[in-house]
Amino acid sequence: MQLSLSSPFALATLRYSQAAILIILVLVCSFLLLLLFLQWHRPRDKRLPPGSMGWPYVGETLKLYTENPNSFFSIRQKRFGDIFKTHILGCPCVMISSPEAARTVLVTRAHLFKPTYPTSKEKMIGPEALFFHQGSYHSRLKKLVQASLLPSAIRGSVSQIEQIVLELLPTWKSNTINTLQEMKRYAFDVAMISAFGSKQDLEMEGIKHLYRCLEKGYNSMPLDFPGTPFHKAMKARKLLDEKLRKLIQKRRRSGRHEGGLLGILLGAKDHVKLNQLSESQIADNIIGVIFAAQDTTASVLTWILKYLHDNQDLLEAVTVNISHVNYLLTGPFIPSNFLLLPFIYHSTFCYL
Ligand code: HEM
């Protein structure tokens, strides 16, 4: 039997389904209201600093992404002080902006803290990067990263790094530059040398391009739909992974690891079973270390330039120090420890 829309039975079915949709909507709204209620009326934990946790689940993420991030943080800092709580990208967080608080978290009471990252960042960098691990895998990788930064490991790259500076300097002459952007350019090129070694393969331009695409979406809202910056970044991440794996296979086949962090990771064998690191472990850690090294270093360099510019006596003292370094670098050896270069040592390695 067929039912036409004009039959009373069909109309009744239509009304029932409309009623069902209405009931579902009411239930969803009540659930959301209940969540809101719980969020706002739960007892406040006295040990937490002041601040706002925003909306349930969403927290203050939308505000962060719709406002200028600098004003987002400075408004809260003015309102709540140097330590305040918030809720971003699905993580309850405490933001700190005083040197004393940073020292407490990173040095004096570091044992009380465990580094964790939002899942979207883990996806983008790669789950096998050391940042997302603890225990023996973490310390094994940490030692390898440290080994790639030893003076003996970077000795061969010094002239190439100098070359980067020599090429950059003329582009700053008689131009107004954005210091942070220029420092990012510089830090990126140095990071590429320190990750892949002095010998840059032909594939390197492709890797650099994909890395830049990935970087553009790194701080974007993690919405994985076609067209969003996050989606574009994840696509670039996938292609970057393929390119890195090809490079890893090529270097493994040739038996020439070619220095840099990649060379160290390729040559690493664990002490017990002599297992090598897998391709994905190497790729995730290379991407992770470039991330860790780039913007942090660029922003420290920017502050260094500012303070050197504002304090002429400091500038003179550093100039004398640099002449000393130049002598050591052009002389027969780089010192096997960096005691003579406390400034450089401190800014690069102290927290590792
Ligand atoms: C001066 C610039 C830098 C600053 C301010 C900085 C800051 C930080 C901070 C705050 C952490 C988290 C520490 C923790 O959770 O205990 C960290 C971790 C890390 N950074 Fe940097 N960083 C800088 C430069 C670099 C560079 C040049 C590298 C290149 C190798 C690097 C590689 C790492 C790695 C591998 C970790 C993870 C360490 C671990 O999980 O134990 N960073 N960095």
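A few points about this structure:
- The stretch 106-121: number of residues that are part of a loop (DSSP other than H, G, I, E, B) and near the ligand (Cβ under 9 Å from one of its atoms): 3
- Test set (1) in contact with a helix residue (DSSP H, G or I) (Cβ under 7 Å, 6 or more places away or on another chain); (2) modelled with pLDDT of 90 or more - residue 228 fails condition number: (1)
- Residue 229 meets the stated requirement of being out of contact with any Phe, Trp or Tyr (no Cβ under 6 Å at 6 or more places or on another chain) and away from the ligand (no atom under 16 Å from the Cβ).
- Residue among 182, 167, 162, 205 that alone is assigned to a helix (DSSP H, G or I), without any contact (Cβ under 8 Å) to a residue 12 or more places away in the chain, surrounded by 12 or more Cβ atoms within 10 Å (Cβ to Cβ) and assigned by TED's automatic domain parsing to the domain that holds residue 298: 162
- Hey, residue 222 in the same structural domain as residue 248 (by TED's automatic domain parsing), surrounded by 15 or more Cβ atoms within 10 Å (Cβ to Cβ), away from the ligand (no atom under 12 Å from the Cβ) and not small (Gly, Ala, Ser) or not: yes
- Answer residue from the stretch 122-156, given it is assigned to a helix (DSSP H, G or I) and of a type in the set (D, E, K, R) and is nearest to the ligand (Cβ to nearest atom) among those: 142
- Of the residues making up the stretch 186-205, those that are touching a helix residue (DSSP H, G or I) at 6+ places or on another chain (Cβ under 6 Å) and away from the ligand (no atom under 16 Å from the Cβ) are 198, 203.
Yes/no per residue for (1) at pLDDT below 85; (2) more than 28 Å from residue 72 (Cβ to Cβ); (3) assigned by TED's automatic domain parsing to the domain that holds residue 82:
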residue	(1), (2), (3)
15	yes, yes, yes
25	no, yes, yes
29	no, yes, yes
41	yes, no, yes
44	yes, no, yes
53	no, no, yes
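- One residue alone among 159, 71 is more than 27 Å from residue 237 (Cβ to Cβ), at pLDDT below 90 and away from the ligand (no atom under 16 Å from the Cβ), and that residue is 159.
- Scanning the stretch 229-276 for residues being among the charged types (D, E, K, R), within 20 Å of residue 142 (Cα to Cα) and exposed (fewer than 12 other Cβ atoms within 10 Å of the Cβ) gives a total of 2.
- The number of residues in the stretch 74-105 that are away from the ligand (no atom under 16 Å from the Cβ), exposed (fewer than 15 other Cβ atoms within 10 Å of the Cβ) and either at pLDDT 90 or above or farther than 15 Å from residue 118 by Cβ (or both) comes to 6.
- The residues of the stretch 277-318 include none that are exposed (fewer than 13 other Cβ atoms within 10 Å of the Cβ), charged (D, E, K, R) and within 29 Å of residue 207 (Cβ to Cβ).
The values are calculated or read from the model by the stated rules, or taken from the named source; none is laboratory data. No experiment lies behind these values; they were computed from the predicted model shown. Positions of Cβ are backbone-derived with ideal geometry, glycine not excepted, and every protein chain shown enters the neighbour counts.
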